[in-house]
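Inspection log for the structure reproduced underneath, given as structure tokens.
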Amino acid sequence: MATILAVVLLLPAAVVRAAHPAAVRGSGGAVSSAAPAATETGLEILRAGGNAADAAVATTLALAVVHPQAGNLGGGGFAIIRFGEEVGTLDFRETAPAKASHNMYLDKDGEPRPKASLVGPLAAGVPGSPAGLFELHRKHGRLPWNDVVAPAIGLARDGFVVTSRLERSLTASTELLRQFPETAAVWLPGGRPPAAGTVVRLPELAATLEAYATRGAPAITEGPIAAAVELASRRYGGVLLAADLAAYRPVWREPVRFSAYGWQVASMPLPSSGGIILGQTFGMLERLDWSQLRRFGADRNHLLAEVWRRAYADRYLLGDPRTSLASAVQLLSGPWLDLRAKEIRLGKAAKSERVGRWSADRVEEHRETTHVSVMDGDGNAVALTTTLNRSFGCGVLVAGAGFLLNNEMDDFSAAPGRPNSFGLVQGEANAVAPGKRMLSSMSPTVAWSGRQVLVLGSPGGSRIPTATAQVLLNLIVDGDALQAAVDRPRIHHQWMPDTLFVEPDALSPETARALERRGHELRVINEMGEVSAVRGIVAGNMEAAQDPRGPGAAGVVRPEVD
Ligand code: DON
């Protein structure tokens, strides 16, 4: 006993975190998501002969029922697919309504009105999920659309058991939800959240899903459901119109691609900053010989913070691809990454306010969510992140249609240079304008090397790219088992505020002190995203892991028998 205790005390804190169950292993397909009922839905679809796209869409629609704090029809998201050699991304991010305007979240003195971009329908972007999920299935699905939507209809119509997470989330958001009687009628029956263990039925949402199953996206983006969205918006002072929904289009985009440590990585391009931040992270770390440094030591943590300080400073320039003041090509160029890596001192933290941004003059050549990772039996992969932005979005439930509207407008820089609800300081490139997509941090990612394929992503707002990067580094550089890679405590830096955020057990006391001596201001936080990850190994074998930070679930179609 004494010997074991001594060993434990000598190990860096990051290694001694309580053990979690191993990833599930097997074949025939794998799913990882934030809710057991949703993961089971994805597996059901794979067992019925569906492919990764069918399963990803079905899992996401199940989340729209059983995980309403994030899963949605009234929000948006991004997906990355790898089908054989084909890699592509689908952008179904919300857009600003046609009646949105640059100063819509400022008061008469030009000061931000933070609630306006967070609470009530003025905070809602045009939902992208109905058209986006339909499009993902249209292009890559194998089963009939009806079959893919059917499990979500069943959950909404026949009912599902409220999890303790859902009860906790509803309790935490009671103030928001009770402001809107239509929302309170569904989610606060009798004035309180339904208790964990009770069965909830959502007949209006079931009817919306039935219409969606029969007629596809137009069932929601046109006709009576779109009219109900406009009514809900007008009732509480929003500018979202039925015409905005009808005009919305998802966009297939080329992924951000880079190679690192012998792996090919593909992630989200603008309007998400995620892929660019990931690419910059790996590009700078390779230049700084990060992998050669001692694991969990101060040097590695310091370099991560310095790299992210710079990547998030460049994020200030980013926005919708049509207005962004810098591109992936510019921010991932060799000369820029060389210059950035050279700025970094091993012994001293930079001051964020002094870290410049990318500019053409500085280089010689001429920026509550839920994630689903799926792989089918053929090795095809889909990583799909959807969001309402904050928990339960703007709080408004569309009467008659049963779904909540997002508050994604807060991802715009309502007042350029001032922090949004994630503390992100963003620039004019991401200012509000009609039809524009707000900058995101969501980073659904696939990476492959030889026959190994990784599929991952996370919620967590501004902490999504850094969570994704750390899990990838754990796997690619340090050879962690999949579950260990997801479990490991994490750190985060986002340029502004000039703070190194750390999970309680991420740093040993000595490492924390060493980082403080170098000038880092540390702040302990508990809110890091729940990563969902799947890994294809060889010959149809795969494993799936879900983050112990939440009560999600990972599963495989045919589990390995010991
Ligand atoms: O797109 C983004 O970056 C944010 N709207 C994501 C929100 C989020 O992850 C909240 N979940 N924890």
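The values are calculated or read from the model by the stated rules, or taken from the named source; none is laboratory data. All of these numbers come straight from a predicted model, not from anything done at the bench. Methodologically, a virtual Cβ is constructed for each residue, glycine included, from the backbone with ideal geometry; neighbour enumeration extends over all protein chains shown. All accessible areas refer to the heavy atoms of the entire protein, side chains included, with ligands and DNA or RNA removed. Shrake-Rupley method; radii C 1.70, N 1.55, O 1.52, S 1.80 Å.
Values as computed for the structure displayed
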read-out: Extreme residue, positive dipole direction of the chain, given options Ile276, Ala298, Gly529 (C-beta unit charges); value: Ala298
read-out: Of all DSSP beta bridges in the chain, antiparallel share, percent nearest 5; value: 95 percent
read-out: Computed lengthening from Glu254 to Ser327, 0.36 nm per intervening residue step minus Cα-Cα distance; value: 25.0 nm
read-out: Cleavage-rule hits, trypsin sites (Lys or Arg not before Pro), the range 41-137, DSSP coil, Cβ neighbours within 10 Å at most 11; value: Lys108
read-out: From phi via Karplus (6.51, -1.76, 1.60), per-residue ³J(HN,Hα) for the range 49-66 in Hz, x at Gly/Pro; value: x, x, 9, 4, 5, 4, 5, 5, 5, 5, 5, 5, 5, 5, 5, 5, 9, 8
read-out: Separation in nanometres of the label points that stand 7 Å from Cα toward Cβ, at Asp505 and Val161; value: 2.8 nm
read-out: Per-peptide average of other Cβ atoms within 10 Å, ordering 305-312, 385-392 highest first; value: 385-392, 305-312
read-out: Charge dipole magnitude, Cβ of K and R +1, D and E -1 - the range 399-522, Cα centre, debye nearest 20; value: 260 debye
read-out: Arg354-Ala246 pseudo-label distance in nm [points 7 Å out on the Cα-to-Cβ vector]; value: 5.7 nm
read-out: Residues of type aspartates and glutamates that Lys99 reaches as a straight line, Cα spacing below 12 Å, ignoring anything fewer than 8 places off in the same chain; value: Asp244
read-out: Distance (nanometres) between label positions extended 7 Å along Cα→Cβ at Asp478 and Arg234; value: 5.6 nm
read-out: Charge tally in the Cβ shell below 15 Å around Glu510, where Lys, Arg are +1 and Asp, Glu are -1, Glu510 excluded; value: +3
read-out: Average accessible area per residue (Å²) across the range 38-160 - probe 1.4 Å, nucleic acids and ligands excluded; value: 29 Å²
read-out: Hz values of 3J(HN,Hα) by residue in the range 134-148 - Karplus curve (6.51, -1.76, 1.60), Gly and Pro given as x; value: 4, 5, 4, 5, 4, 7, 10, x, 10, 6, x, 3, 3, 5, 6
read-out: Rounded to whole Hz, the Karplus (6.51, -1.76, 1.60) HN-Hα couplings of the range 38-47, x for glycine and proline; value: 6, 4, 4, 4, x, 5, 4, 5, 5, 5
read-out: Gyration tensor verdict on the range 486-562 (Cα atoms; rounded if a/c is under 1.5, prolate if a/b is larger than b/c, oblate otherwise); value: prolate
read-out: Sulfur and carbon atoms: percent of accessible area, the range 367-489 [1.4 Å]; value: 44 percent
read-out: Residues of the range 203-302: accessible area per residue with a 1.4 Å probe, Å²; value: 38 Å²
read-out: Signed unit charges on C-beta, dipole axis of the range 310-462, positive-most listed residue Ala328, Tyr312, Asn430; value: Tyr312
read-out: Size of electric dipole in the chain: Cβ of Lys, Arg +1 and of Asp, Glu -1, about Cα centre, debye, nearest 20; value: 760 debye
read-out: Extension gain, Lys115 back to Asp338 (0.36 nm per residue minus Cα-Cα distance, nm); value: 76.2 nm
read-out: FRET efficiency estimate (nearest 0.05) - Cβ-Cβ, Arg287 to Asp361, R0 30 angstrom; value: 0.90
read-out: Mean accessible surface per residue for the range 363-413, computed with a 1.4 Å probe while every protein chain stays in place, in Å²; value: 21 Å²
